[in-house]
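One structure below.
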Amino acid sequence: MEIYQLRTFLTVAKLGHITKAAETLHVTQPAVTGHIKALEQELGIALFDRSHGRIALSKDGELLLPDVERTLSAFNATLAKAKEIKGEITGRVLIGTLGDPDFLRLGSFLNGLMAALPLLEIKTRSVLAGAILEGVASGEIAAGFYIGTVNNRDVASLPLRGMRYRVVAPISYAKQLSTCGWKDIAAMPWIGAPDKSHVHQLLVAMFGRQGLQANIVMETDELTSPHSLVRAGVGLSLMREDLALIAAEKAEIVIWSHATVDTQLSFLYPVAAEFEPVIVGMLSILRDTWGATV
């Protein structure tokens, strides 16, 4: 049973005419007839008496009419309330982002958010992962994208997708890289990242599992395109696998095949704000944006 079927039933009952009902509902006459027949089949009763080219409510239809009116009234009230709530959500919201907007599907997310909550003033700030976690926990940032493991009981997360990082090196390292072990790799010159970046955390964890530390020769916060520094011969780095494979195929860098670093892209928000309309709206739009992966 569908709302449009009930609406068609009520319109025909009030007008007593298929053609006029079709005009009122802006549908075809066969569509009106189909709605009524489908509803009668599902309910197992005849809603109208059809004789001599006229259509009138049957006794069963007359008994059902008040219930249908109440149902449609409740449905319309719910729609009106939803529109009222939608229009009432105002204010400002700051969303933390990380590096690559396309990878985050940021455009689709923000477009959906603006359409759903048109009175909300939205701002984004591209910062390091650690700063997003701290900002969400403190309330400075309403919500944000994050890469890594969340270890804060005040912060909830919506997992978006798994990620993998690879160890990449300048193309001139290709021959020696094939025979290198972990100690050799750690001793090579590495391009580091700020402490609060997800790349730094992943790098520390990767070598920590081997009881080693990377030989950091320089630090940069240019995390969106690390392959440019690697390609220039500055040193080794961790790079998102999809980008590393493309760069390697172009012979711009070389991948050390003995290590992969798996992590998670998530969307963070305060546990205390889980049922607030803005957060509920964000999570709903993210699920639509990311589809079956969420």
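The values are calculated or read from the model by the stated rules, or taken from the named source; none is laboratory data. The structure presented is a predicted model; accordingly, all values stated were derived computationally and were not measured. Counting neighbours? That spans all protein chains shown, and the Cβs are built from the backbone with ideal geometry, glycine included. Areas reflect the complete protein model, heavy atoms only, side chains present, ligands, DNA and RNA absent. Shrake-Rupley method; radii C 1.70, N 1.55, O 1.52, S 1.80 Å.
Phi-derived couplings, Karplus 6.51 cos²θ - 1.76 cosθ + 1.60 at θ = phi - 60°, listed residue by residue for the stretch 22-29: 4, 5, 5, 8, 6, 10, 7, 4 Hz, with x used for Gly and Pro. By the gyration tensor of its Cα atoms, with a ≥ b ≥ c the square roots of the eigenvalues, what is the shape of the stretch 169-259: rounded for a/c under 1.5, prolate for a/b over b/c, or oblate? Verdict is oblate for the stretch 169-259.
Annotation: the antiparallel percentage among DSSP beta bridges lying fully within the chain is about 65.
Only helical runs count toward this figure. For the chain, summing -39,500 (n - 2.57) over DSSP H runs of n ≥ 4 and dividing by all residues gives -14500 deg cm²/dmol at 222 nm. Accessible area per residue was computed with a 1.4 Å probe on protein heavy atoms; ARG70 scores about 140 Å². Out of the total accessible area of the chain (probe 1.4 Å, heavy atoms of protein only), what percent is carbon and sulfur? C and S fraction of accessible area: 52 percent. Taking amide H as placed 1.01 Å from N in the peptide plane, SER126 has its amide H under 5 Å from the amide H of THR97, each at least 5 places away in sequence or on another chain.
Against the chain, whose longest principal axis is taken from its Cα atoms, helix 198-208 shows a tilt of about 50°. Taking the C-alpha atoms only, the angle from helix 3-15 to the longest principal axis of the chain is near 20 degrees.
Comparing LEU72, LEU243, LEU203 in a Gaussian network model of the chain where C-alpha atoms under 10 Å apart are linked, the largest mean-square fluctuation is found at LEU72. For SER73, the accessible surface of its heavy atoms amounts to roughly 70 Å² (probe 1.4 Å, protein chains only, rounded to the nearest 10). If you take all other residues with their beta carbon under 14 Å from the beta carbon of ASP195, and give Lys and Arg +1 and Asp and Glu -1, the sum is -2. What the chain shows is 55 Å² of accessible area per residue, with the surface traced by a 1.4 Å probe over protein heavy atoms.
Our coupling estimate for the stretch 149-161, obtained by passing each phi through the Karplus curve with A = 6.51, B = -1.76, C = 1.60 and θ = phi - 60°, is 8, 9, 10, 8, 5, 8, 10, 9, 9, 10, x, 10, 6 Hz, Gly and Pro reported as x.
The GluC sites (Glu not before Pro) of the stretch 164-259 that DSSP puts in a loop, and whose beta carbon has at most 12 other beta carbons within 10 Å, are GLU222. Helix 106-116 axis versus longest C-alpha principal axis of the chain: approximately 30°, rounded to the nearest ten. Once you've got the GNM for the chain with C-alpha springs shorter than 10 Å, pick whichever of THR149, THR220, THR33 has the biggest mean-square fluctuation. Top of the fluctuation ranking is THR33. Between GLY91, GLY44, GLY281, the Gaussian network model of the chain with springs among Cα atoms under 10 angstrom shows the greatest mean-square fluctuation at GLY44.
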